[in-house]
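Before any comments, here is the structure.
The values are calculated or read from the model by the stated rules, or taken from the named source; none is laboratory data. This structure is a prediction, so every number in the text was calculated from the model and none was measured. With ideal geometry, Cβ positions are generated from the backbone for all residues, glycine too; neighbour counts draw on all protein chains shown. Ligands, DNA and RNA are stripped out before the accessible areas are found, and what is left, the full protein with its side chains, is counted by its heavy atoms. Shrake-Rupley method; radii C 1.70, N 1.55, O 1.52, S 1.80 Å.
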Amino acid sequence: MKLRFTKMQGAGNDFVVIDATQTPVHLSHSQIQHIANRFFGVGCDQLLMVESTDTDGVDFRYRIFNADGGEVEQCGNGARCFVRFVVEKGLTDKRNIKVETASGVITLMLQDDGQVTVNMGAPRFTPAQIPFEAKTQSSVYELPLKDETVMISAVSMGNPHAVMLVDNVHTAEVASLGPQIESHPQFPQRVNAGFMQVLNAHEINLRVYERGSGETLACGTGACAAAVSGIQLGTLQSPVKVHTRGGILTIQWAGDGAPVMMTGPAEIVFDGEIEI
């Protein structure tokens, strides 16, 4: 079949967005993998599906599929692209939109300058909610890897994150440590591995090895998780400017129980059609 799509990016994290509000679209793992392939398909970190919903007070349903074909709970950069998509494609005339995801309802706000602010909800630290296998809850955990033990913070932003402090993100061993952390047995649903360098109390550099996609140019939920972890450890203060390889995201968090607010760019790259 021929499938219409829109290619989008938020801080270099790129997406194929499909409008399934009128006609349901069902894709197999192999079809998603083909679309995500940068040599034989369109190429993307994640595929986003825009669907209608019957839930009261909610405008759309939002589904996220990683490049490996697996469906995941949340994607912050994708959420920003989502709201830009539904507004620019005429699917809504609202600028504040409530969207249903696999991890709950989030609120998206399109600003006049094209930047998008997303209410990502409150972070979760209880090991069972992440999920992460640990005897007790802590702000820092030891995580044994193949040749060393690293220290991480573990947090859920609707999807699981492990955040590791490094001296320099440019020399951090993301390629070797990322896959080990991502598939670590203490994370039963795998995990996104963040490598955070603190520049000052309000600024960090960040690289993220994403679950099911590998290292990406930016990760919205990863930026939220890193900022929250740093604030909880006392090394950061809100707001936090997060420098990723693809751009800058701004994260605000008032503390325990408060929602995390993420602001950043979202852009349409091109529209197209692919036969699958």
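Listed values, structure above:
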| item | result |
| --- | --- |
| Helix runs (DSSP H) in the chain reaching 15 Å along axis by Cα, Kyte-Doolittle at least 0.0 | 76-88, 220-233 |
| Cβ-defined net charge surrounding residue 33, 14 Å radius [Lys, Arg +1; Asp, Glu -1] | -2 |
| Neighbourhood net charge (12 Å Cβ-Cβ; Lys/Arg +1, Asp/Glu -1) for residue 75 | -2 |
| Viscosity 1.002 mPa s, 20 °C: Kirkwood-radius Stokes-Einstein D of the chain over Cα pairs, µm²/s | 115 µm²/s |
| Signed unit charges on C-beta, dipole axis of the range 43-115, positive-most listed residue 64, 81, 102 | 81 |
| Net charge of Cβ neighbours under 15 Å - reference residue 125; Lys, Arg +1; Asp, Glu -1 | 0 |
| Within a Gaussian network of the chain (alpha carbon springs, distance under 10 Å), most fluctuating of 185, 259, 160 | 185 |
| FRET E, pair residue 136, residue 37, Förster distance 35 Å, beta-carbon r, rounded to 0.05 | 0.25 |
| Carbon + sulfur, % of accessible area of the range 142-249 - ligands and nucleic acids excluded, 1.4 Å | 48 percent |
| Cα shape, the range 32-134, gyration tensor, a/c 1.5 rule | oblate |
